[in-house]
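The values are calculated or read from the model by the stated rules, or taken from the named source; none is laboratory data. Quick caveat: nothing in here was measured; it's all calculated off a predicted structure. Glycine gets a Cβ as well: all are built from the backbone with ideal geometry, and neighbour counts include every protein chain shown. Protein only, heavy atoms only, side chains kept; ligands, DNA and RNA dropped before computing areas. Shrake-Rupley method; radii C 1.70, N 1.55, O 1.52, S 1.80 Å.
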Amino acid sequence: MSYRKLDVGRIILVRVKHDSEIIKFVTELAKKNSIMTATFTAIGALKWAKLGFYDQEKHEYLESSLLAPQEIASCMGNISIKEGEPFVHAHAVLADQNGNTKAGHLLEGKVFAAEIHLTELIGEELVRKNDAVTGLSLWKI
Amino acid sequence: MSYRKLDVGRIILVRVKHDSEIIKFVTELAKKNSIMTATFTAIGALKWAKLGFYDQEKHEYLESSLLAPQEIASCMGNISIKEGEPFVHAHAVLADQNGNTKAGHLLEGKVFAAEIHLTELIGEELVRKNDAVTGLSLWKI
Amino acid sequence: MSYRKLDVGRIILVRVKHDSEIIKFVTELAKKNSIMTATFTAIGALKWAKLGFYDQEKHEYLESSLLAPQEIASCMGNISIKEGEPFVHAHAVLADQNGNTKAGHLLEGKVFAAEIHLTELIGEELVRKNDAVTGLSLWKI
């Protein structure tokens, strides 16, 4: 069992811009500030969202769109390097006006308001490479 | 894109008192220990809870009460300053005895048992101010 | 109100081995590396899972099995000492191919792919002891 030991770098709290797309926002935050490895959480609300479920047999994502406003009840993710660039991987649990939830891989989300807590991790590069067994792009450790 | 860079302060693990109200508990923990900025997570179980959903058009919270016991499947939140005092903002995903979930803004929760992991963040003050676009009290960064 | 103040130890990112059981994996990671106290989060996907709900009156776990593949939309947990050994306590929110969720105490999960972010916490020992009021094994702080 091998793992990557890293050190804490910058700790960032950020208010996501109204009407921005959250995955793009985090990706740009990383690129502009040369954050190559990080973990983050987010809470807030989205105007709409697109979630993914990875079909473990067919090795492809099923996508579903939530067109109504949603609370971001939970969002956790990480940043690592894919093809030389910071790449965001995030999962979320979203709740509608009745508190009913949908969850999965967060592909896109239009921000009403969101607060992100990001912890940069520094040390040896953490790179995603294609993994034959799962068909996913996974950490090469 | 502007953000607040902070440093790690105290790291705290705390067992929440049985029968306390979780938001009040975290608020008092912050006030008694002069924790003005922090992020936290919690897992455990609640006897009952009250969740909120923010109506993005009417700019008001819809509240719903869960009267039966719930697992805290996820709870993530932060502390920042509102009107000069530490203010707790938390979202949660709760699960009933069948594993079915309700989620949203955690307004109140009566604790059966809960474990909190809180990371104090130190640096420039992080203050909430009313935001005209959303009607929410958001970070002024 | 008493709490345990700890310091950050090792920060670890780890890709969980395909087909391993996630709770066993984290427990072994802790034992092999002498991690006695930690918090962690995980995202990824499971082939199947077993969730628990603690009956607050009968003081026993109700278990339910999810036999189909699930996204780990959220998983948060901690490690502390129980009977002299590192003990993993984790809660999760899982989502099926339609984005529908089940959540609770994560008893077992067969990993398709998963990424764990673990923060070791160092300082005074954090030990679980049986608590008469709840029937649970809780932190003695």
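Annotations for the structure displayed:
- Shown for C:Lys110: label points 7 Å from Cα along the beta-carbon vector, and their distances to the equivalent points in the other copies, 4.0, 4.1 nm in ascending order.
- Note on the range A:1-101: dipole from Cβ charges, positive end direction compared against A:Pro86, A:Ile23, A:Leu13; the farthest Cα belongs to A:Leu13.
- Of the GluC sites (Glu not before Pro) found in the range B:77-141, the ones in coil according to DSSP and having at most 12 other Cβ atoms within 10 Å of their Cβ are B:Glu83, B:Glu124, B:Glu125.
- The mean of 1/r over all pairs of different alpha-carbon atoms in the protein assembly as shown, once inverted, gives a Kirkwood hydrodynamic radius of 21.1 Å.
- Residues whose placed amide H lies under 5 Å from that of A:Val8, excluding near-sequence neighbours: A:Ile122
- Taking every residue in A:56-65 and counting other chain Cβ atoms within 10 Å of its Cβ, the average works out to 2.
- Label-reachable residues, the range A:68-111, where backbone N falls under 16 Å from a point 7 Å from B:Leu107's Cα toward its Cβ: A:71, A:96-100
- Accessible area per residue for chain A, computed on protein heavy atoms with a 1.4 Å probe, is 40 Å².
- All lysines inside 16 Å of B:Lys50 as judged from Cα atoms, apart from same-chain residues fewer than 8 positions distant: B:Lys24, B:Lys102, B:Lys110
- Accessible area buried, both sides summed, chains A and B with 1.4 Å probe, Å²: 3200
- Dipole check for chain B: with +1 at the C-beta of Lys and Arg, -1 at the C-beta of Asp and Glu, and the Cα centre as origin, the magnitude is about 260 Debye.
- Legend: mean number of C-beta atoms from other chains within 10 angstrom of residue C-beta atoms, peptide A:35-44, equals 4.
- Taking a ≥ b ≥ c as the square roots of the eigenvalues of the Cα gyration tensor, the range B:1-126 is oblate, since a/c reaches 1.5 or more and a/b is not larger than b/c.
- Placing a label point 7 Å from Cα along the Cα-to-Cβ direction at A:His59 gives distances to the equivalent points in the other copies of 5.2, 5.2 nm, listed shortest first.
- Set of aspartates and glutamates near C:Lys140 by C-alpha distance (under 14 Å), chain-local residues within fewer than 8 positions excluded: B:Glu115, C:Glu83, C:Glu124, C:Glu125, C:Asp131
- Taking a Cβ cut-off of under 13 Å around B:Ala30, the surrounding Lys, Arg, Asp and Glu residues balance to a net charge of +2, with basic ones at +1 and acidic ones at -1.
- Rg/Rg_globular for the range A:1-58, with Rg_globular taken as 2.2 N^0.38 Å and Rg from C-alpha atoms: 1.46
- Other protein chain C-beta atoms within 10 Å of residue C-beta, averaged over B:102-115: 5.
- The phi-based Karplus calculation (6.51 cos²θ - 1.76 cosθ + 1.60; θ = phi - 60°) puts the 3J(HN,Hα) values of the range C:70-86 at 9, 6, 7, 6, 8, 8, 9, x, 9, 10, 8, 9, 10, 6, x, 10, x Hz, whole numbers, x for Gly and Pro.
- Each residue, B:Ser20 and C:Lys129, gets one label point 7 Å from its Cα in the Cβ direction; the gap between the two is 1.8 nm.
- Shortest-first distances to equivalent copies, position C:Asp19, nm, label 7 Å out along Cβ: 5.2, 5.2
- Qualifying GluC sites (Glu not before Pro) in the range A:1-82, DSSP loop, other Cβ atoms within 10 Å at most 15: A:Glu57
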